[in-house]
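Below you'll find the structure, written out as structure tokens, and then a few comments.
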Amino acid sequence: MIINRALRLTFIMLIFGLSMPSVASARELVVVSSNATDYSPISRFELRKLFLGYPVKQNGKVISAIRNTSDDRAYSIFLQKLIRLSAKNYERRLMAKTFKTGAANVPIADSFNMLIDDLIETDSALSFMWMDEVEAQPGVKFIESIGDDTVN
């Protein structure tokens, strides 16, 4: 009886151990801007509003957003933790807003170099990227954290 319990416990632990994902170091996804900006902290509500295409004003400037689609994992984390919509529903919401208001959609940067260039050229734009990428780019700076790439 004790042996059966021990075997069951060992079997359960073996199954549990095999189903655990391997733990890798988590990458932090952050909101960034060019070094030329002087933004105050921006709330998650304001960030979500920006990436849904609505203007947010700070220090007398209208801030805009650039969607970073150059990294599928970063875009997925962005949608999950900040926008809280699937990619399909996010695109649908952006298109509906464009049709209703006639306002331009949130621009997309589909390459990392294009994103860096757009951020540096536009001193009133925000986007998102991994923190280790921010540290390697002298032209951009950290504004706010979105979250990390660990599975919830």
* **Residue in the range 58-65 that is closer than 24 Å to THR150 by Cα, of a type in the set (Val, Ile, Thr) and surrounded by 17 or more Cβ atoms within 10 Å (Cβ to Cβ) present** => no
* To do: State which residue is nearest to the chain's Cα centre (by Cα) when the search covers only the range 84-95 and only residues that are closer than 23 Å to ILE42 by Cβ and assigned to a loop (DSSP other than H, G, I, E, B).
  => ARG84
* Filter the range 118-141 down to the residues that are out of contact with any Ser or Thr (no Cβ under 9 Å at 6 or more places or on another chain) and surrounded by fewer than 16 Cβ atoms within 10 Å (Cβ to Cβ), then identify the one that is nearest to GLU28 (Cα to Cα). => ASP132
* Structure fact -> Checked SER70, SER22, SER86 against criteria (more than 20 Å from SER145 (Cβ to Cβ), at pLDDT 95 or above and among the hydroxyl-bearing types (Ser, Thr, Tyr)); the one match is SER86
* Go through the range 96-151 and give me each residue that's closer than 24 Å to LYS81 by Cβ, part of a loop (DSSP other than H, G, I, E, B) and free of Cβ contacts under 8 Å to residues at least 24 places away in the same chain. => GLN137
* Structure fact -> Given the conditions (1) among the aromatic types (Phe, Trp, Tyr); (2) within 23 Å of MET131 (Cα to Cα); (3) modelled with pLDDT under 95, every one holds for TYR75 apart from (3)
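The values are calculated or read from the model by the stated rules, or taken from the named source; none is laboratory data. Everything quoted here is computed from the prediction, not taken from an experiment. Counting neighbours? That spans all protein chains shown, and the Cβs are built from the backbone with ideal geometry, glycine included.
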